[in-house]
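Have a look at the structure below before the remarks.
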Amino acid sequence: MSRRELLLSVVIFLLLQSSTSLISSPSAIINPSKVKQVSWKPRAFVYEGFLTDLECDHLISLAKSELKRSAVADNNSGESKLSEVRTSSGTFISKAKDPIVSGIEDKISTWTFLPKENGEDIQVLRYEHGQKYDAHFDYFHDKVNIARGGHRIATVLMYLSNVTKGGETVFPEAEEPLRRKLSDHNKEDLSDCAKKGIAVKPKKGDALLFFNLHPDAIPDPMSLHGGCPVIEGEKWSATKWIHVDSFDKIVSHGGNCTDLNESCERWAMLGECTKNPEYMVGTAELPGSCRHSCKAC
């Protein structure tokens, strides 16, 4: 075999290996041409058709029977609480729950260039008529939540259904790119809420990626965002919050059974071990912050 034939054989072999790899893991293939810039302040982008109909329907089917009223984190204590600021219902889907969920996790990591271990579990949310999430930040104002993984550097919001009217994601403080100002951008089909800033209409399969921190890791106040009220129809979405460090890392002292917050004992006495098990107890893979006071270890 000549040197040329040998080189040609090697190239063909590598191409076949590459093709086999792409076929075996299609969920991790990203098409940059489907990504559109929404804003540069904050940095926000929409990936059209990020999820297939099958993936959207699968996430909804996993969450439907587990939905509970959504809560928000208290700015001072970090404790979850119910609030009229957020009126949706939702649940978390654990990482690697099944092959479809694992594929979605792979795809998110590939698109964002952020490690899977830095992400929280996917939260699936349902917004019915009139339900909304007032403008808020995804980075934290308390030290409790920062202890595990640091700030949320990025948010990936995946739309699992179409919404007839309303339900947009709006950035009220965002600066509209010049090219959008010069275009015939039609806002007539947006709700009054969405017209108060740059908005993204929910479309089944699309995903919105925005960064909550500047590149130097300082919180970006322009990342203020909200979910507009659903006026007609029903909105299903799935959120992946991604931290600056591993969210899977077990934060403890010398591996001992300890609490990670000085208020754990008081919270346990108030029944938070049962009311807020995700934060207080957690799971074997992702231990909570108050396992000692909850007598979970």
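The values are calculated or read from the model by the stated rules, or taken from the named source; none is laboratory data. Nothing here was measured: the structure is a model prediction, and the numbers come from that model. All Cβ positions, even for glycine, are placed from backbone atoms using ideal geometry, and neighbour counts span all protein chains on display. In case anyone asks, the SASA skips ligands and DNA or RNA and just uses the protein heavy atoms, side chains included. Shrake-Rupley method; radii C 1.70, N 1.55, O 1.52, S 1.80 Å.
Here are some notes:
- Total residues in the range 153-173, condition under 17 Å from P42 (Cβ atoms) and either modelled with pLDDT under 95 or touching a Leu at 6+ places or on another chain (Cβ under 8 Å) (or both): 10
- So S191, is it farther than 22 Å from Y47 by Cβ, of a type outside the set (D, E) and either in a loop (DSSP other than H, G, I, E, B) or at pLDDT below 90 (or both): yes
- Restricting the range 50-86 to residues that are open to solvent by less than 40 Å² (accessible area, probe 1.4 Å) and small (G, A, S) leaves a set whose member that is modelled with the lowest pLDDT is G78.
- Scanning the range 113-128 for residues that are out of contact with any strand residue (DSSP E or B) (no Cβ under 7 Å at 6 or more places or on another chain) and aromatic (F, W, Y) yields one hit, F113.
- Criterion (touching a Cys at 6+ places or on another chain (Cβ under 7 Å) and either surrounded by 18 or more Cβ atoms within 10 Å (Cβ to Cβ) or farther than 26 Å from H58 by Cα (or both)) met by exactly one of G227, G197, G205: G205
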